[in-house]
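Data block below; observations after.
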Amino acid sequence: EAQVTQNPRYLITVTGKKLTVTCSQNMNHEYMSWYRQDPGLGLRQIYYSMNVEVTDKGDVPEGYKVSRKEKRNFPLILESPSPNQTSLYFCASSYQGLAGFTQYFGPGTRLTVL
Amino acid sequence: AQTVTQSQPEMSVQEAETVTLSCTYDTSESDYYLFWYKQPPSRQMILVIRQEAYKQQNATENRFSVNFQKAAKSFSLKISDSQLGDAAMYFCAYSRETSGSRLTFGEGTQLTVNP
């Protein structure tokens, strides 16, 4: 089954404790992205990746890091989480086909930083 | 920078009736893509419909259709014969990338369907 998986699905942590949210896709997609969703703001892009070792900042990259060492994985790293990073996070992957592109979203990770 | 605006934070509709959700966007590009996503209580993001800006014909998917007004930069979603399962948060989104690697979302509209 074609899918994007994220782990963990729920996480409660404390300020300053480094954490990683993993994202994996099994569709061999070139493009992957991270978004955060906050009430009244919709989804905002944090980082995106065009392929292995190629990443770029989205609209709200501060406080986050990413890496793309393998095509299927795109982890999101919070080196020193703060309460303003409490949010719902989505990973997404996409490919460009003859009929345009198709994007797949993961199930989301609910992060609470105390 | 591109912006997407959904001016209706909440909407409600009676079951079997029709409802229209509004979306406006700002861009200087001539080629781009527009989307409506549905997010039910499960939080899963589900693509409802997409529109390529170069296509003049409005996209339709079963009970869902759009009214794409390129000059006005407007992209509304019409849901016909509303069903209880249509209750969800709906997001309008824009992308100028043919890869879909960068999406700009609106704030969302919470749709309630009343029985």
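Shown here are the Rg and Dmax of the Cα trace of the stretch B:1-86, at 13.3, 39 Å. Using Cα centres only, tell me the gap between the stretch B:54-103 and the stretch A:40-75 in whole Å. The stretch B:54-103 and the stretch A:40-75 have Cα centres spaced 25 Å from each other. Here the stretch B:71-115 is scanned for amide nitrogen atoms under 16 Å from the site 7 Å beyond the Cα of residue A:2 along Cα-to-Cβ, giving B:99-101. Taking all protein chains together and rolling a 1.4 Å probe, residue A:72 ends up with roughly 120 Å² accessible.
Between residue B:18 and residue A:71, the modelled label-to-label distance comes to 4.6 nm, taking each label 7 Å out from Cα in the direction of the beta carbon.
In the complete set of protein chains, residue-level accessible area for residue A:56 is approximately 70 Å², probe 1.4 angstrom. Pairs of Lys residues in the protein assembly as shown that lie 8 or more places apart, or on two chains, and have C-alpha atoms under 15 angstrom apart add up to 6. Within chain A, antiparallel bridges make up roughly 90 percent of the DSSP beta bridges whose residues both belong there.
A simple spin-label model places pseudo-atoms 7 Å from Cα toward Cβ; at residue A:41 and residue B:29 they are separated by 2.3 nm. Accessible surface calculations at 1.4 Å, restricted to protein heavy atoms, place the protein assembly as shown at 48 Å² per residue. Here residue A:54 sits with roughly 60 square angstrom of accessible surface, probe radius 1.4 Å.
Calculated from the alpha-carbon coordinates, the stretch A:57-110 shows an Rg and a Dmax of 13.4, 43 Å respectively. Shape analysis of the protein assembly as shown based on the Cα gyration tensor places the equivalent ellipsoid semi-axes at 29, 21, 16 Å, largest first. So, R0 is 45 Å and r is the distance between the beta-carbons of residue A:57 and residue B:8; what FRET efficiency does that work out to, to 0.05? Once the sixth-power term is evaluated, E becomes 0.90. Dimensions of the stretch A:1-100 based on its C-alpha atoms, expressed as ranges along the principal axes with the largest first, amount to 44, 29, 26 Å.
The values are calculated or read from the model by the stated rules, or taken from the named source; none is laboratory data. What you see is a predicted model; the values in this text were computed from it and never measured. No Cβ is skipped: glycine too gets one built from the backbone with ideal geometry, and neighbour counts run over all protein chains shown. Surface areas here come from the heavy atoms of the whole protein model, side chains and all, with no ligands, DNA or RNA. Shrake-Rupley method; radii C 1.70, N 1.55, O 1.52, S 1.80 Å.
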